[in-house]
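What follows is a single structure, written as structure tokens, with notes after it.
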Amino acid sequence: MLGLLICLCGLLGLAVGSFLNVVIYRVPRGESVVSPRSACPSCGTPIRERDNIPVVSWLVLHGRCRDCQAPISVRYPLVELGCAGLFAGTAARFGYQWDLPAYLVLFAGLLALSCIDVERLLIPKKIVYPLTVLVALLLLLAAAQTGKWHAYVIGVICAAVWFAVFFTMNLVSPRILGFGDVRLSLVLGLALGWLGVGYVLLGFFAANLIGAVIGIALIAAQRMDRSNPVPYGIFLALGCAVAVFAGPELLRPFSGYSF
Ligand SMILES: [Zn+2]
């Protein structure tokens, strides 16, 4: 029955991805994500119901507005497909477990934050705070249902430690580590700490490794130089994904050690 769960979560991911596109466009502009209805940014015509089907509509319209023919960014179908893939993968990873909803919410939030961070070097509070509260509540529910209170306590401690480390780094050098990343550390510490301290260390290590590799590659390709600000948020999100999905495999050699 796991296949059914994966399919359902994948479909849910398409719909959520469609909503994330609205979030990614509107939240940094200070607009409401609820109203008004989505409209073409070029001609202002409201998007018709039939043109609002994730991925399919973009393909049918060949990536152009039905009314003014203005190109629609390929980011829209990519976010929808990305979210569907993340949700299906998360369902496969957790199965019918009480903590599945927390990680679906986490990855939806991290996907939106990554897109905004890359585009604008910004991690909006309006997304990070609700995301942190929602993940904390969903994991609390999971702890209450499964009795894994020790995992929750470890998550809270990891969140506090990670926050303290980033807070200090931000004090020392606010240019290298923005306060948006400091805020984001809470939900990462909690969600990875719930899985175990090893996951937190792996997530942190993977984030910096991915950041370093991509940074060096971009400098080598002369697409940026050392003085460019870096969207660290997306590397934190990628590191978190590596820890969640590859953690059980990568941490196996250390499974003899208990934290
Ligand atoms: Zn248009």
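The values are calculated or read from the model by the stated rules, or taken from the named source; none is laboratory data. On a predicted model such as this, the values are computed, not experimentally measured, just so you know. Positions of Cβ are backbone-derived with ideal geometry, glycine not excepted, and every protein chain shown enters the neighbour counts. To get the accessible areas, we keep the full protein, side chains included, count just its heavy atoms, and leave off ligands, DNA and RNA. Shrake-Rupley method; radii C 1.70, N 1.55, O 1.52, S 1.80 Å.
Considering only residues of region 70-87 that are more than 17 Å from GLY44 (Cα to Cα) and aliphatic (A, V, I, L, M), which is farthest from the ligand (Cβ to nearest atom)?
In this case the residue turns out to be LEU86.
Report yes if some residue within region 39-46 is open to solvent by 50 Å² or more (accessible area, probe 1.4 Å) and away from the ligand (no atom under 16 Å from the Cβ); otherwise report no.
Step one: of region 39-46, the residues open to solvent by 50 Å² or more (accessible area, probe 1.4 Å) are 41-43, 46.
Checking the rest, the ones that are also away from the ligand (no atom under 16 Å from the Cβ) come to none.
No, every residue in region 39-46 fails to be open to solvent by 50 Å² or more (accessible area, probe 1.4 Å) and away from the ligand (no atom under 16 Å from the Cβ).
Does region 97-112 include one or more residues that are within 16 Å of the ligand (Cβ to nearest atom) and buried (at least 17 other Cβ atoms within 10 Å of the Cβ)? Spell out how you get there, then give the answer.
Taking region 97-112 as the starting set, the residues that turn out to be within 16 Å of the ligand (Cβ to nearest atom) are none.
Checked region 97-112: no residue is within 16 Å of the ligand (Cβ to nearest atom) and buried (at least 17 other Cβ atoms within 10 Å of the Cβ).
Could you list, in sequence order, the residues of region 170-182 that are open to solvent by 60 Å² or more (accessible area, probe 1.4 Å) and either modelled with pLDDT of 90 or more or under 18 Å from the mean Cα position of the chain (by Cα) (or both)? Step through it out loud before you land on a result.
Narrowing region 170-182 to residues open to solvent by 60 Å² or more (accessible area, probe 1.4 Å): 171-172, 174-176, 179.
Listed by number, the residues that qualify are LEU171, VAL172, PHE179.
Condition first: touching a residue at least 60 places away in the same chain (Cβ under 8 Å) and within 21 Å of TYR129 (Cβ to Cβ). Now tell me which residues in region 159-205 satisfy that.
Looking only at region 159-205, we keep the residues that are touching a residue at least 60 places away in the same chain (Cβ under 8 Å), and these are 180, 183-184, 187, 191, 194, 196-198.
GLY180, ARG183, LEU184, VAL187, ALA191, TRP194 - these are the residues of region 159-205 that are touching a residue at least 60 places away in the same chain (Cβ under 8 Å) and within 21 Å of TYR129 (Cβ to Cβ).
Which pairs have Cβ atoms under 8 Å, sit 6 or more apart or on different chains, and link a residue in region 72-93 that is among the charged types (D, E, K, R) to one that is open to solvent by 60 Å² or more (accessible area, probe 1.4 Å)?
Filtered contacts from region 72-93: ARG93/PHE245.
For (1) charged (D, E, K, R); (2) surrounded by fewer than 17 Cβ atoms within 10 Å (Cβ to Cβ); (3) over 28 Å from LEU20 (Cα atoms), each residue gets a yes or a no:
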{"position": "ILE127", "(1), (2), (3)": "no, no, no"}
{"position": "LEU138", "(1), (2), (3)": "no, no, no"}
{"position": "ALA144", "(1), (2), (3)": "no, yes, yes"}
{"position": "ALA159", "(1), (2), (3)": "no, no, no"}
{"position": "ALA164", "(1), (2), (3)": "no, yes, yes"}
{"position": "LEU184", "(1), (2), (3)": "no, no, no"}
{"position": "VAL197", "(1), (2), (3)": "no, no, yes"}
{"position": "ALA212", "(1), (2), (3)": "no, yes, no"}
{"position": "ALA217", "(1), (2), (3)": "no, yes, yes"}
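Right, GLU49: within 18 Å of PRO124 (Cβ to Cβ) and exposed (fewer than 14 other Cβ atoms within 10 Å of the Cβ) or not?
Numbers: within 18 Å of PRO124 (Cβ to Cβ): no; exposed (fewer than 14 other Cβ atoms within 10 Å of the Cβ): yes.
No; evaluated as a whole, the condition is false for this residue.
Go through (1) within 25 Å of LEU100 (Cα to Cα); (2) surrounded by fewer than 13 Cβ atoms within 10 Å (Cβ to Cβ); (3) within 20 Å of the chain's Cα centre (by Cα) for ARG29 and report which single condition fails.
Failing condition for ARG29: (1).
Across region 200-259, which residue is modelled with the highest pLDDT among those that are assigned to a loop (DSSP other than H, G, I, E, B) and charged (D, E, K, R)? Outline the logic, then answer.
Our first condition is that a residue be assigned to a loop (DSSP other than H, G, I, E, B); within region 200-259, this holds for 221-231, 251, 255-259.
This time we only want the ones that are charged (D, E, K, R), so: 223, 225-226.
Details: ARG223: 76, ASP225: 72, ARG226: 69.
Filtering region 200-259 for residues that are assigned to a loop (DSSP other than H, G, I, E, B) and charged (D, E, K, R), the one modelled with the highest pLDDT comes out as ARG223.
Going through LEU4, LEU59, LEU14 one at a time, which residue ends up being modelled with pLDDT of 95 or more, away from the ligand (no atom under 14 Å from the Cβ) and open to solvent by 50 Å² or more (accessible area, probe 1.4 Å)? So that I can check it myself, show each step before the final result.
Details: LEU59 fails: modelled with pLDDT of 95 or more; LEU14 fails: open to solvent by 50 Å² or more (accessible area, probe 1.4 Å).
Sole residue among the options that is modelled with pLDDT of 95 or more, away from the ligand (no atom under 14 Å from the Cβ) and open to solvent by 50 Å² or more (accessible area, probe 1.4 Å): LEU4.
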